[in-house]
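J.: This is the structure I want to talk about, given as structure tokens.
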Amino acid sequence: MQERTIPMTSEGDDGPGEVGCADLLVNTLTRYKGIDAVAFDPEQHAFRIRYDPDLVSLATVQRIADQVGVRLGERYQRCVYRMDGVTCRNCGRAIERHLKRDPRIIWASANPPSGSLALEYADSRAQLPTLSRPVMVPGATVRPRVAATPAEPEGERGREGDEEESETWWDEHGLLVMAGLTASFLLAGWLLGVLGLISHRVQLGLYVLTYLAGGFYATRQAIRSLLQGHVDIDLLMVVAALGAATIGGWAEGGLLLFLFSLGNGLEHEALGRTHRAVKALMELSPEDALVVRDGQELRLPVSQLVVGDEVIVRPSERIPVDARVISGESSVDQSPITGESMPVGKHPGDQVYTGTINGHGVLRLEVERLAHESTLAKIIRVVEEARNQKSRTQRFTDRFEGAYAIGVMAVSALVFIIPWLFFGEPFHAMFYRAMTLLVVASPCALVISTPASTLSALANAARHGILFKGAVHLENTGAIQAVAFDKTGTLTLGQPRVTDVLPSDGVTETELLALAAAVELRSEHLLGQAVVKYAESRGVAIDEDEVSDLVSVPGRGIRAEVAGRTVRIGNDALFAIDEITLPAQLRAAADRLREAGKTTMYVLADERPLGVIGVADVIRPVAPEVIAELHRLGVEKTILLTGDNERAARAIARQVGIDEWRAGLLPEEKLDTIRELQAEGLSVAMVGDGVNDAPALATATVGIAMGAAGTDVALETADVVLMSDDLTKLPFAIELSRRTRRIIAQNMTFALGVIVLFSLGAVAGLVPLPIGVVAHEGGTILVVTNGLRLLGFARPPLTRAGAPLAAAGD
């Protein structure tokens, strides 16, 4: 947990309004996970924020402040650098420690497998740098991938182009090559010596070459760490190998260095696989597009496209931009973005995404987003940020490594010195025993057990259209005990339809529909759109010209002026705040509709009741199976949170098998419900659409947004993003998280068991150095391999328990 004081001013306001902005910002910030406390000092015009940089970035604080009109005295950015010559996790941690000495750098995370370094940087507005100059790190070349600017705050510019540079062949495979050379020299020296084909001096020369090849990377990293005042695993291995050589154990020391370099090489390859799985996303976007400008078809780079351009995509081509279909029909393979297994039909008006594959038809598209703002670019950013963040377990092992390494060296020294000096034990035997302890007590397997597993799981999830926005959220998802669901668009398809039109006495159905549809034509609410579609299907003439002064009342309804009359359309709450009493006959009709699980909309002109309209949504056919699967997975409580009425909520909850329901909730009341569940000691997931549910998503232990492809609010607010509208991804995400937690626990238990068992054996003199070497390095390789199994994790599709459910209440 870090604490930082941030000066602030209110934009364009030097008076009392500044405090009001501050209160608004404090209330907004405290809703975000990772922000533990926020306090504002009006005298110093400064915030004091205590936060966890692995859960929330100060760049996020920056964006929130801008939204509420507060100008922070310091500006914060997340910037991405490219690292060359950095191949191991210890190297990455050394770079992080070096950079954090600069007081302007708030947070740093080095990711050697991907060759990337993420920084969160603070400086005054007057001196806001582009970070275009190299960062000087001993022993490594670090340079900007992209120059970050205030206009493009997270290094997004150029993401589709020169940001992602390929690793050289040596960067990718150099560790394994050196391990191969180590094995060759070691085998040649030992075998030719045993056969008597070479002299002792030649054999010694081959062993020296073994040490040079096997110890090069470890020695270099050990020296770097020592220069920075840190002791790590590499130093333990180098000291153990040199110690073995001093007592004539050249072969044992060579074997140690071979297995250690092989383990590092396999680790680099393994973690590189998870990087390549994500890097494949970056290669999905075409470099150019066929654009229509001034009546001519031109092939232009994607980076030169602007919003509104017309793009032609031929059969089997990749779609180059986020766009909307303006003509043509086709099916599009959206699996790279949403994880959907089957192509999706596209017609005029439908949205398409960068990197998806066009099917059999020719599509003409209108560009809606620039290349660096595309859904694909945002997915890449989210995944890269997730890989740069660390789970609680990994942060613990990282902190634990340095102190542990010093402790192992100290204990090994005592195991050698005390018996030799005070009990007269032979120097050679005690020194040999100490070197063996140094090897078997080294925590290599323990340290790699978490990142090998979490990175594999993150890559697997991204491949299935599930984005975890950090290893912490991957870890938390498997521990959730309660799941809260929004109704519309989550448990239902978000496609409500009018089922009943009940006009009052003296009012015709046509008159009721014509007036209601005219008002709702200007509304973007799904219920209003359903009324308009129904009226059109009945041939009702809709005249919106006389509609004016339309006001939407969130969670209640809508008001407008129509030909001098005030028309109100909404639920009971709308008329309660307007202090209008609804006729008993109209209420009775609405009650009957609600008992059938339908949503009701009263329509009044001035204070004359025109009637009531019943609307029902379509429940997702898989919803009952998903809820049953969650219960099977051990989720203690499922709860429906909806702004709809009590009867509709109860009907839908019973049909899908949800335990509890709460109806008539405004967005802030959903937030209060989440806090109540958390106060009961439950770890809560909130599943919603990422728009109306943003406060609840941000507050829940894990916020899960579904159907979020192209939805900025969901990508910004949720912790887990289900890119498609497939609710079955939810049990998959939970089970993947739990499998990850189990594998991490297996790895750590195994690693600790090997350390304890063989350390005791080494102290007792029961474990020879070669066996200790094989046990230690073999354990590291097993742990990495076990973590890689998560790349292939899959679960069978849910089976339908019965016929698909129709509209609620039908």
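The values are calculated or read from the model by the stated rules, or taken from the named source; none is laboratory data. Because the structure is a prediction, the values reported are computed rather than measured. No Cβ is skipped: glycine too gets one built from the backbone with ideal geometry, and neighbour counts run over all protein chains shown. All accessible areas refer to the heavy atoms of the entire protein, side chains included, with ligands and DNA or RNA removed. Shrake-Rupley method; radii C 1.70, N 1.55, O 1.52, S 1.80 Å.
J.: Amide H to amide H, which residues 5 or more places from residue 499 or on other chains are under 5 Å from it, using H placed in the peptide plane?
T.: Answer set, sorted by chain and number: 614, 615, 616.
J.: Among 553, 490, 540, which residue has its Cα furthest toward the positive end of the charge dipole of the range 458-553, with +1 on Lys/Arg Cβ and -1 on Asp/Glu Cβ?
T.: The residue sitting most towards the positive pole is 490.
J.: Right, something else. Which value, in Å³ per residue, describes the convex hull spanned by the Cα atoms of the range 420-543?
T.: Dividing the Cα hull volume of the range 420-543 by its residues yields 183 Å³.
J.: Would you mind computing Rg(Cα) / (2.2 N^0.38 Å) for the range 465-614, counting N as its residues?
T.: Cα-based Rg divided by the globular estimate yields 1.26.
J.: While we're on this one: As an exercise, use a Förster radius of 56 Å and the Cβ-Cβ distance of residue 50 and residue 197 to find the FRET efficiency, rounded to the nearest 0.05.
T.: The calculated FRET efficiency here is 0.25.
J.: Full-extension gain between residue 745 and residue 30, please, as 0.36 nm times their residue separation minus the C-alpha to C-alpha distance.
T.: Roughly 254.1 nm would be gained on extension.
J.: Evaluate the distance, in nm, between pseudo-label points positioned 7 Å from the Cα of residue 669 and of residue 413 along their respective Cα→Cβ axes.
T.: 6.8
J.: Carbon and sulfur together cover what percent of the accessible area of the range 625-765 at a 1.4 Å probe radius?
T.: 53
J.: Here's another thing I want to ask about it. Stretched out fully, how many nm does the piece from residue 177 to residue 505 gain, at 0.36 nm a residue minus the Cα gap?
T.: This chain segment gains 109.3 nm when fully extended.
J.: Measure off 7 Å from each Cα along the Cα-to-Cβ vector at residue 317 and residue 303, then give the distance between these two points in nanometres to one decimal.
T.: 2.1
J.: Still on this structure: Between residue 585 and residue 326, how high is the FRET efficiency from 1/(1 + (r/R0)^6) when r is the Cβ-Cβ distance and R₀ = 56 Å? Nearest 0.05.
T.: Step by step, r from the Cβ atoms, then E = 0.70.
J.: Starting from the Cα-Cα distance between residue 429 and residue 538, subtract it from 0.36 nm times their residue separation and give me the gain in nm to one decimal.
T.: 29.6 nm
J.: Calculate, for the range 584-681, the solvent-accessible area per residue in square angstrom, rolling a 1.4 angstrom probe over the heavy atoms of the protein chains.
T.: 38
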